[in-house]
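Following: one structure in structure tokens, then a few remarks.
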Amino acid sequence: MQINMHEAKSQLSALVEKARQGEKIIIAKSGKPCVEIVPCQVQPRRQPGRYKGRIRLSEDFATTPDEVIDSFEGN
């Protein structure tokens, strides 16, 4: 659906709802397509501890912050 800017101003709530339902909404300015209304992609909330027990560190992994820094700096 393409709608001009002036109409879109008065029908914004309805246009947003149509976009949320999957309809393609394009707003035109002077008859030329200008922008498209698309729904946001909602990121799922992170769950702390989701990988608990799944990640293992090798025995020779650096155990102190200084060892980690040294390994990146090549010391």
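Beta carbons closer than 9 Å, at least 6 apart along the sequence or on distinct chains, pair a first residue in segment 23-46 that is loosely packed, with under 10 Cβ neighbours inside 10 Å with a second that is at pLDDT 90 or above and not in a strand (DSSP E or B) for SER30/MET5.
Listed by first and then second residue, the pairs linking a residue in segment 47-75 that is modelled with pLDDT under 75 to a residue that is among the hydroxyl-bearing types (Ser, Thr, Tyr), with Cβ atoms under 9 Å apart and 6 or more places separating them unless they lie on different chains, are ALA62/SER71. Within segment 52-71, track down each residue that is surrounded by 10 or more Cβ atoms within 10 Å (Cβ to Cβ) and not hydroxyl-bearing (Ser, Thr, Tyr). Selection gives PHE61, ALA62, ASP66, GLU67, VAL68, ILE69, ASP70.
The values are calculated or read from the model by the stated rules, or taken from the named source; none is laboratory data. Bear in mind the structure is a predicted one, so any value in this text is a computation, not a measurement. Note that each Cβ is placed from the backbone with ideal geometry, even for glycine, and that neighbours are counted across all protein chains shown.
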